[in-house]
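Single-structure report; data block below.
The values are calculated or read from the model by the stated rules, or taken from the named source; none is laboratory data. Bear in mind the structure is a predicted one, so any value in this text is a computation, not a measurement. Counting neighbours? That spans all protein chains shown, and the Cβs are built from the backbone with ideal geometry, glycine included. For the accessible areas, the whole protein counts, side chains as well, though only heavy atoms, and no ligand, DNA or RNA atoms are used. Shrake-Rupley method; radii C 1.70, N 1.55, O 1.52, S 1.80 Å.
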Amino acid sequence: MGAGDRPGDGRLDTRLIHDGRDPAGHAGAVNVPPYRASTILFPSVEALDSADPEFRSVRYGRTGTPSSHAFEEAMAALEGGDRAISFGSGLQAITTCLLAFLKAGDHLLMVDTCYGPTRAFCRRLGRLGIETTFYDPLIGAGIADLIRPQTRVVFLESPGSQTFEVQDVPAIAAIAKARGCTVMIDNTWAAGVWFRPLAHGVDISIQACTKYVAGHADANLGVAVCTAATAMAVKLTAVEVGATAAADDLFLGLRGLRTLPLRLARHQDTGLALADWLAAQPEIARVLHPGRPDCPGHALWRRDFTGACGLFAVQFHQTLPTPALSALLDHLSLFGLGYSWGGYESLALPCDPRRSRSAVPWQGGTLLRLHAGLESPDDLIHDLSGGFDRLRRTL
Ligand SMILES: *Cc1c(COP(=O)(O)O)cnc(C)c1O
């Protein structure tokens with residue numbers, strides 16, 4: 001991507017303000033209103049019969065409305081794809097893309113550090129006769145040794161869920177493509193802004209727009225940004241399985257896009273400030289943040305990414321007993337305890353990657369995932385500092 005595509009520079013910021021809008025087509029309204037529609041009425045039998053094999057016109061609410069078309073247009077432009085397809089959640093985007101390119105007898109290469117529910121879906125694929133091999137996120141060009149004649153899809157997620165290993169996306173994509181595989185990535189962490197996978201050889205970039213794109217913890221939304229060669233297979237499968245995004249969530253996703261670079265820059269700065277503070281606490285063994293040199297794959301992050309979001313993790317020297325974790329987390333006043341991330345609020349979540357790794361066993365003390373929200377960094381550090389004081393009294 002060009003230097004002009006970073007947040008703060010004109011090109012990306014300007015595009016995100018103007019893409020996916022058409023005031024003249026909506027009575028002058030700045031934002032595309034949410035089209036809550038199932039039935040679409042046609043003026044004539046002839047119009048009713050006019051086929052649209054690409055599902056680009058509005059025929060039935062589930063297969064596309066002006067709300068989904070506007071959101072998809074903006075997301076395709078953001079990630080440099082030929083076409084984007086919207087989904088009711090990030091997980092629905094992932095599962096539908098996998099189903100689009102896999103059939104019984106096929107083999108899937110899935111990164112060991114994928115999002116937990118993605119891993120769970122691979123068990124479902126096994127019951128459909130599709131075998132999964134989980135691979136080391138840091139395998140790089142070594143992926144060549146794992147590709148079989150039956151391998152149809154190589155799936156990446158970078159940085160990895162919970163542990164933030166950064167993958168060599170261009171190396172893996174080039175080898176996988178040369179062997180005839182479709183390459184997909186979960187790009188939720190970079191939000192389509194800090195990393196643009198299609199420019200690095202990936203075919204389909206998937207995001208949980210539930211996270212930063214919506215950005216306010218109030219929508220469930222997913223997207224698959226596709227190359228011209230892959231888009232129709234994804235759209236057809238979405239139609240077959242009935243995958244669709246709700247009008248209000250599409251509206252919120254599109255609205256979130258307008259401020260995405262601004263928010264991400266602040267999430268990044270606050271995340272790095274919290275990471276610095278945490279790295280200095282004696283209880284912390286490692287800070288797993290792609291923007292810091294001790295994160296596996298940090299050099300790749302420097303090469304391929306233009307920034308970091310607010311999500312990272314810290315690992316303690318020891319496994320904290322539940323009372324110690326409770327002392328640390330239960331009385332934080334600004335950090336909420338909860339799943340998901342990417343909203344304006346800060347969050348903390350204890351994680352245990354041991355239960356979800358098979359290619360590379362996970363070792364060491366307690367892992368705590370943190371999401372840096374949009375609060376003042378000083379207030380957040382003060383909140384954490386109180387938690388560490390309470391933790392120390394229990395150890
Ligand atoms: C949350 C998340 C998803 C799933 O998104 P939903 O919209 O909650 O289904 C997928 N991948 C990653 C990395 C996530 O964090």
For this session: Within the stretch 314-365, track down each residue that is of a type in the set (Ser, Thr, Tyr) and either more than 21 Å from the chain's Cα centre (by Cα) or open to solvent by 60 Å² or more (accessible area, probe 1.4 Å) (or both).
Result: THR319, THR322, SER326, SER333, TYR339, TYR344, SER358
For this session: Taking ASP248 as meeting all but one of (1) in contact with a Leu (Cβ under 9 Å, 6 or more places away or on another chain); (2) within 16 Å of the ligand (Cβ to nearest atom); (3) touching a residue at least 40 places away in the same chain (Cβ under 8 Å); (4) within 22 Å of GLN92 (Cβ to Cβ), write down the number of the exception.
Result: (1)
Seminar exercise, completed: Over the stretch 90-104, the set of residues open to solvent by 10 Å² or more (accessible area, probe 1.4 Å) and either in contact with a helix residue (DSSP H, G or I) (Cβ under 7 Å, 6 or more places away or on another chain) or small (Gly, Ala, Ser) (or both) is LEU91, THR95, LEU99, ALA100, PHE101, LEU102, ALA104
Problem set entry | Test result for GLY10, farther than 30 Å from LEU125 by Cα, at pLDDT below 95 and more than 16 Å from the ligand (Cβ to nearest atom) | yes
For this session: May I ask you to list the residues in the stretch 208-226 that are open to solvent by 10 Å² or more (accessible area, probe 1.4 Å) and not in a loop (DSSP other than H, G, I, E, B)?
Result: ALA208
Seminar exercise, completed: Checked the stretch 227-243 for anything in a loop (DSSP other than H, G, I, E, B) and either among the polar types (S, T, N, Q) or within 15 Å of the ligand (Cβ to nearest atom) (or both); matches are THR227, ALA243
Exercise. From the residues in the stretch 196-226 that are under 14 Å from the mean Cα position of the chain (by Cα) and within 11 Å of MET184 (Cβ to Cβ), which one is nearest to the ligand (Cβ to nearest atom)?
Worked result: ILE206
Problem set entry | Given (1) over 24 Å from ASP249 (Cα atoms); (2) touching a Phe, Trp or Tyr at 6+ places or on another chain (Cβ under 9 Å); (3) within 16 Å of the ligand (Cβ to nearest atom), index of the condition GLU165 fails | (2)
Exercise. Is it the case that the stretch 279-299 has a residue that's assigned to a strand (DSSP E or B), open to solvent by 30 Å² or more (accessible area, probe 1.4 Å) and not aliphatic (A, V, I, L, M)?
Worked result: yes
Exercise. Do we have any residue at all in the stretch 128-147 that's under 20 Å from GLY342 (Cβ atoms), in the same structural domain as GLY81 (by TED's automatic domain parsing) and either away from the ligand (no atom under 16 Å from the Cβ) or surrounded by fewer than 23 Cβ atoms within 10 Å (Cβ to Cβ) (or both)?
Worked result: no
Exercise. If you scan the stretch 167-189, which residues turn out to be touching a Lys or Arg at 6+ places or on another chain (Cβ under 9 Å) and either assigned by TED's automatic domain parsing to the domain that holds PRO350 or open to solvent by less than 30 Å² (accessible area, probe 1.4 Å) (or both)?
Worked result: CYS181, THR182, VAL183, ASN187, THR188, TRP189
Problem set entry | ASP304 being under 30 Å from ASN31 (Cα atoms) and away from the ligand (no atom under 16 Å from the Cβ) | no
Exercise. What are the residue pairs meeting all of these: first residue in the stretch 275-300, first residue outside the structural domain of THR163 (by TED's automatic domain parsing) and over 18 Å from GLY386 (Cβ atoms), second residue modelled with pLDDT under 95 and open to solvent by less than 10 Å² (accessible area, probe 1.4 Å), Cβ atoms under 9 Å, and 6 or more apart or on different chains?
Worked result: ARG286/CYS295; VAL287/CYS295; LEU288/CYS295; HIS289/CYS295
For this session: Sort out which residues of the stretch 181-192 are within 15 Å of the ligand (Cβ to nearest atom) and either part of a strand (DSSP E or B) or of a type outside the set (Phe, Trp, Tyr) (or both), and write them in order of number.
Result: MET184, ILE185, ASP186, ASN187, THR188, ALA190, ALA191, GLY192
For this session: Return the residue satisfying two criteria in turn: it lies in the stretch 27-64 and is in contact (Cβ under 8 Å) with a residue 12 or more places away in the chain and surrounded by fewer than 10 Cβ atoms within 10 Å (Cβ to Cβ), and of such residues it is farthest from ALA243 (Cα to Cα).
Result: THR39
Exercise. Conditions: (1) within 16 Å of the ligand (Cβ to nearest atom); (2) farther than 17 Å from CYS181 by Cα; (3) out of contact with any helix residue (DSSP H, G or I) (no Cβ under 8 Å at 6 or more places or on another chain); (4) in contact (Cβ under 8 Å) with a residue 40 or more places away in the chain. ALA120 meets all but one. Number of the miss?
Worked result: (4)
Seminar exercise, completed: Per the filter on the stretch 353-387, residues in contact with a Cys (Cβ under 9 Å, 6 or more places away or on another chain) and either part of a loop (DSSP other than H, G, I, E, B) or within 19 Å of PRO290 (Cα to Cα) (or both) are THR366, LEU367, LEU368, ARG369, HIS371, ALA372
Exercise. Taking the stretch 326-345 as the search range and keeping residues that are touching a residue at least 60 places away in the same chain (Cβ under 8 Å) and more than 19 Å from TRP194 (Cα to Cα), which one is nearest to the ligand (Cβ to nearest atom)?
Worked result: SER340
